[in-house]
Amino acid sequence: MQAQFSNATAFDRYPGLMLALKRMKGSAKAGSRPLRILSYGCSIGEELITLRLYFPDAEIFGCDVNEGALKIASGIAEKVDATVFKSTDASLREHGPFDIVTAMSVLCLHPAKDIIKRFPFSAYEHNIGVIDEALSDGGLFALFNSSYLFRGTTVAEHYQPMAADTVGSNGFATRHARNGDVLATRIASDFGLSYKVDDIERIRFEDFMDCIYKKRSGEKWPDRKYIKVDQGFDCSETNIAYSWSKSEHLDDIDQKSPEGIMDMRVSFRLIKADKHQSQLFSERATSRRDLWHGGYRGKSKFICPAWMDYS
Ligand SMILES: C[S@@+](CC[C@H](N)C(=O)[O-])C[C@H]1O[C@@H](n2cnc3c(N)ncnc32)[C@H](O)[C@@H]1O
């Protein structure tokens, strides 16, 4: 089923993510044959040029449901030695298996009007299932801008989220629950990319951050735990923890929020906490991925990743 209807694209649109995939590519490759990469939703083909730039030796494929876009993409494909095909369940199976599949700004509806009619969770999960079938075991799935939570799909438990310091966010699309409820929406703020979190109980930090998943059939990944560490580090297990470090006034988070309520900003630092917690904290403090801001304005909670820095 068609997900995103817009064909908007650009050359080298996700440099941090491409860099991360390039660094991880060794782990996705099976044997000595060239790496096989699919741009799922390649639009007019700019992403094929990007992939060729980052993966000069790979076999590159692009697919899309939009025939007009595909026609333009096929001209580009000739120039960058890629193969394009119309995206259907059968064609994905035929052209696979792939070692890397990118689904960038594809499995979403943006803007998210009438999402339940136009792109329900069942369609999202179906498309992810087809991609899963076409991805080799040990392969990497890069998912950017996703209307639903990947961890809500049945295949997700066999995917290990991969941390990458060059990836600060997994997109800006509105996040929905299976029934279409809005969980978080992008808002304007002085941080650049922030989300108003409508349901803090049903969404977690990693839902804004995890972007690359490694397929590991037969293995199930435990849920990550979050610990609030506001008075020193007192946890002894290995866990993801967060602490806050500062608070100050914020402007322009949500124009509609009630007046007269204090705005607060907190900086979260996601860390691995074990018996060497303080050491890990300072080591990982340099990682862009681990710096987050969160707080509330009136009744609206928000969180946002640190501004992406690809240097
Ligand atoms: C916003 S563009 C993204 C293009 C490119 N991936 C990028 O990020 O620059 C979304 C593309 O996904 C395509 N698309 C939507 N549903 C699809 C599906 N089920 N299979 C393959 N492509 C799909 C659309 O036709 C459109 O060309």
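Structure summary
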read-out	value
Cut-off under 5 Å, modelled amide H: who pairs with F172 long-range	N145
Burial ordering of D199, D165, fewest other beta-carbon atoms within 10 Å first	D199, D165
Among G96, T83, G31 the positive-end extreme of the charge dipole of the stretch 1-111 (Cβ point charges)	G31
Residues whose placed amide H lies under 5 Å from that of G139, excluding near-sequence neighbours	K215
Whole-Hz ³J(HN,Hα) from phi, Karplus 6.51 cos²θ - 1.76 cosθ + 1.60, for the stretch 138-148, glycine and proline x	x, x, 10, 10, 9, 10, 10, 6, 10, 6, 10
Relative exposure of E125, E78, judged by other C-beta atoms within 10 Å (fewest first)	E78, E125
The stretch 41-125: trypsin sites (Lys or Arg not before Pro) in DSSP loop, at most 12 other beta carbons within 10 Å	K113
Calculated from backbone phi, Karplus (6.51, -1.76, 1.60) coupling profile of the stretch 31-39 in Hz, x at Gly/Pro	x, 9, 5, x, 5, 10, 10, 10, 8
Residues whose placed amide H lies under 5 Å from that of T83, excluding near-sequence neighbours	I60, F61, G62
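Just so you know, all these numbers are worked out from the coordinates, no wet-lab data involved. Since this is a predicted model, take the numbers as computed values, not measurements. Quick reminder, even Gly has a Cβ in these numbers, built from the backbone with ideal geometry, and neighbours come from all protein chains shown.
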